[in-house]
Each structure stands twice: as structure tokens, then as C-alpha cells.
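Just below is one structure, and these are the notes that go with it.
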Amino acid sequence: MNVLLIGSGGREHALAWALSQSPSLNKLYVAPGNAGMAAVAECVALDVSDHRAVIDFCEEKGIVFVVIGPEAPLVDGLADALALAGLRAFGPSAAAAQLEGSKAFTKEMCTRAGVPTAAYGRFDNAAAAKAYIAKTGAPIVVKADGLAAGKGVFIAMTEEDALSAIDQCFDGAFGDAGAEVVIEEFMEGEEASFFVLSDGENVLPLATAQDHKRAFDGDEGPNTGGMGAYSPAPVMTDAIIAQVMEEIIKPTVADMKAQGYPFKGVLYAGLMITSSGPKLIEYNVRFGDPECQVLMLRLKSDVLPVLLATAEGNLDQLEVEWHDQPALTVVMAANGYPGDYKKGSAINGLEEAASDPDVEIFHAGTKMVDGQLVANGGRVLNITARGNTVREAREKAYAAIDKIDWPEGFCRKDIAWRALARDGE
Ligand code: AMP
Ligand code: GLY
């Protein structure tokens, strides 16, 4: 089978690496891809917002299945356009992708379906939003409604901060995404991510993970797309997973179907494990980046039939096998990320760094210039390892990082501190 994968990050390199091992795969294309993916797939320049161009490319190359990595093309209706053209796609319709594309949409779904989440209000003007803050006080969370590249969330510890966040949203700091704001109760607890597949009706739980969103050690510094992850997340015990399935995931999938927007794809639940049980922080409608990297390293089954069954509605007939070992990934980013950073610095030593068979290096922002690998983005490499324990996986990942020669890059040195602290380390 010929497959097209959309995206260019570490998440997509991990998916490409897993897909390339499938006995059912004939040829893998990636648009646009990166230097790492070029080893396992043919990278092609396609404008993915031009749906007709994507469909024409599939017809020309005999591609029958398209795997969509990031959220933007999903919210933009690429899966719908492919379906209309008779092509199979992994990823939800634009209507179902509102679970990520609109925070207000998700909050309303939670209310209808009885999904536990933070109490909230939604507002389309600053005066009403500020009046709400006057009633609730702080701490409080202010969010721009739409997609804001992870930047539209303010955890306001004081009322003053909350009022300033409201002004920023309505003053256009996030463009259309801030035309409406959602204001939420501040939830306390430990965060974890839970990934499930849904074919619109059936749900297949995949795995749990924990991300590290802040740029620097000790969870300090600005928020990022994610600086490292590991799976499974020890806070997600079997009992909590069962509770999340019954109280959060199943009611969501049933409600989406009842509303006429069946959710087909990977549903990524961001959870807060509070003293009164797990609560939904938010949904994403795609794999996490870098969580996908650890999931793919833990997955033992062939990934292609799993993604296909999600698109075709056969998830009830599927069993997925996992390696028992935990996996961990450390993100190497360009100095300055998530603020301004330079592109084009040389990276060396990857071959030696990846020589341990338990280590895989997934590329995010990289490109090849005259035979030299160079940085081409903020998050650049994901050093991913499996081990008998989280500690062992972490040692392997950092040992690999020591062999990488890239003075213009940095990484967090404390990935998995929560899991290790739990073990009393
Ligand atoms: P989001 O983009 O909605 O995932 O929010 C980004 C981060 O803000 C989350 O990963 C949480 O750490 C934090 N956050 C969001 N909503 C809340 C909330 N209601 N209470 C506490 N923390 C939150
Ligand atoms: N790592 C967080 C995300 O993918 O949204």
C-alpha cells in the first residue's frame, strides 16, 4: 500500500519510522517531511492547504491512505476533502476537530455529556469577561478560544493578571483565536496525557504519557510545545485509566456521534488528576509531540493496520501489543527557543549517538544542506530510548545526547523527574 503522511515534526518522524516497518507498506511519502524522514520516506513539497493538489498527488502516486499528523490541516477540513475524493484518511473531520479547534465547543460538549472538567464561562467581550473575574477572583485561567499555537492560555494567580490577559485576547494578540475567551476554574493536581483511538463508535485505549511543557529544568521558564516525555505515566493507575474511560472518553465519543460529528482519529486527553478524581483540561485531535515519539517506541504491533482500522471503523476487531519497557524522549531545541532562535547551525555525531539499539533519534526541525545536517526549527531533535525502568531509559537518552555535537542547542536535564521522585529517587 502507498501511504502519504502529512507533517514535518518529530511526531511525524516517529510515525514515519513506525510505518516504514510495516509489511503492508509499499511506499511512504511525507509532505513536507524533514532530513530525518528522508531516510525512511520520500519527502515531497505539497501545499497541504490546497486540498485539490493533495488529492491529485494521491491519484498520481497510487496513494490510498493519508495519515494527517498536525491539527491545522484537520481543523482546515483536509480529512473531509480526502473522504469526498474516496480516499481513506487517518484524522477527524473538521467538525470533529473542533474538540481541539475551539475550547468553547469542548466545554459545551463536557456540559452535555457530563464530563468532569473545570467550571467555566465564555465571553465575546472584555466587559462581561471582567465582570466574571470580579465574581470568581483568582487564581483563575484565561484562554483564547481558538488555536493559538499553545500560547493562548494564561494561568492568572492574581485578578490583575487575569484582567490583563483578557485585554490581550480582545486587543487581538491571538488574532481571530482571541475573539472569544473561555475563563476556567484553576484546577490543582498532577497532569497526565491519555491517548485513545476512536473510529467514531469503538474506542481503543493506547497509552498514557507525561509531557514537560516548560523550557527549563525544574519546570521553570516559558511554555513550549513540549521539552520531553515518557510513557507510561505512573500517576495513571489502572483504576484511574478505567475511570477516565468511563467518565471522560466514552461519554465524549458517544456525544460526538449523537451530535452528528463522529470522532475518527486519535483523541489526546490532557487530564488533571485532582483530589476529587481525573478532570479534563483539554482535548487534542492528533498525537502529542513529543508524546507520539515515546508511544511509537513502545508499540510492538504493526502501526499501519491500527491507523487503517481507525479510519475504516474496525477498531473493535483489533488488539494492540506494547513493549513492557517504558520509553522516554528528550527534546533538543535551538538556543533561544521558544523565543527567537537561529536556523542553520551544524549538527554532528548523530550516528554514534544512535548506535545503542534502544535509542532512536527522531528529527523535528532539521534539514540537509550540502551534505551537512543543520538545525531548521525551534525543536530540532528528539532523543528517544527504551529501558527496563524510566531511569534506565533516561540514562540511555542522556548518554546519546552526550555524543551529539551541537553547541547551538540545549535540552532539559531533568526529564521524568516526577516518575523518579515517585520511586523515592
Ligand atoms: P491547554 O493549552 O489548555 O493545555 O493549557 C496549557 C496548560 O495550562 C495545561 O497543560 C495546564 O498546565 C494549564 N492549564 C490549563 N487549564 C487549566 C486549569 N483549568 N487549571 C489549571 N491548569 C490549567
Ligand atoms: N506536547 C503537547 C502537545 O503535543 O500538544
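Amide H to amide H distances under 5 Å link Val380 with Met332, Ala333, Ala334, Gly365, where only residues 5 or more positions off or on other chains count and H is placed in the peptide plane. As a length-normalised measure over Cα pairs under 8 Å and 6 or more apart, the relative contact order of the chain settles at 16 percent. FRET efficiency for the Lys342 to Asp47 pair, using the beta carbon distance and R₀ = 22 Å, is estimated at 0.25. Which aspartates and glutamates have a Cα lying under 18 Å from the Cα of Lys367, excluding residues fewer than 8 positions away in the same chain? Within reach: Glu12, Glu42, Glu351, Asp405, Glu408. Pro290 sits among other residues whose Cβ lies under 9 Å from its own Cβ, and their net charge, with Lys and Arg +1 and Asp and Glu -1, is -1. Under 5 Å between amide hydrogens, built in the peptide plane, is the criterion, and for Lys264 it picks out Ser93 among residues at least 5 positions away or on other chains. Among Glu60, Glu184, the order of accessible area from largest down is Glu60, Glu184, computed with a 1.4 Å probe on protein heavy atoms. Note on Lys103: lysines with a C-alpha under 16 Å away, same-chain residues under 8 apart excluded, are Lys143, Lys151, Lys279. Taking Lys and Arg as +1 and Asp and Glu as -1, the other residues whose beta-carbon sits under 12 Å from that of Thr274 total -3. Put simply, when 75-82, 263-270, 7-14, 188-195 are sorted by average Cβ atoms within 10 angstrom per residue, most first, you get 7-14, 263-270, 75-82, 188-195.
Solvent-accessible area per residue for segment 308-425 at a 1.4 Å probe radius, Å²?
48 Å²
Shown for segment 165-238: the carbon plus sulfur share of the solvent-accessible area, taken with all protein chains present and a 1.4 angstrom probe, equals 44%. Of the residues Trp406, Trp322, Trp417, ranked by 1.4 Å probe accessible area with the largest first, the sequence reads Trp417, Trp322, Trp406. Derived scalar couplings between HN and Hα for segment 185-198 equal 4, 7, 9, 10, x, 9, 8, 8, 10, 10, 10, 10, 9, 9 Hz in order, rounded to whole Hz, by the Karplus curve 6.51 cos²θ - 1.76 cosθ + 1.60 (θ = phi - 60°), x for Gly and Pro. Label zone (Glu351, point 7 Å along Cα-to-C-beta; backbone nitrogen cut-off 16 Å) within segment 384-405: 403-405.
Only Cα pairs under 8 Å and 6+ residues apart enter the sum, and on that basis the relative contact order of segment 280-425 stands at 27 percent. Would you please state which residues of segment 50-74 a label at Asn2 would reach in this model, taking the label point 7 Å out along Cα→Cβ and a backbone N cut-off of under 17 Å? Backbone N within reach: 52-67. Seen through its C-alpha gyration tensor, with square-root eigenvalues sorted a ≥ b ≥ c, segment 288-384 comes out prolate because a/c lies at 1.5 or above while a/b is bigger than b/c. In terms of its C-alpha gyration tensor, segment 156-287 has an oblate overall shape, because the principal axis ratio a/c (a ≥ b ≥ c, square roots of the eigenvalues) is not below 1.5 and a/b does not outweigh b/c. Each part gets one Cα centre, and for segment 276-354 versus segment 183-219 those centres are 13 Å apart. Need the list of lysines near Lys61 for cross-linking: C-alpha distance under 18 angstrom, and skip anything on the same chain fewer than eight residues off. Output for Lys61: Lys27.
Mind giving me the FRET efficiency for Ile155 and Tyr398? R0 is 35 Å, r the Cβ-Cβ distance, nearest 0.05 is fine.
After rounding to 0.05, the efficiency reads 0.75.
The local environment of Gly226, defined by Cβ-Cβ distances under 11 Å, has a net charge of +2 under the rule Lys, Arg +1 and Asp, Glu -1.
The values are calculated or read from the model by the stated rules, or taken from the named source; none is laboratory data. What you are looking at is a predicted structure, and each value in this text was computed from that prediction instead of being measured. Cβ: placed from backbone, ideal geometry, glycine included. Neighbour counts: every protein chain shown. Only protein heavy atoms, including side chains, enter the accessible area calculation; ligands, DNA and RNA are left aside. Shrake-Rupley method; radii C 1.70, N 1.55, O 1.52, S 1.80 Å.
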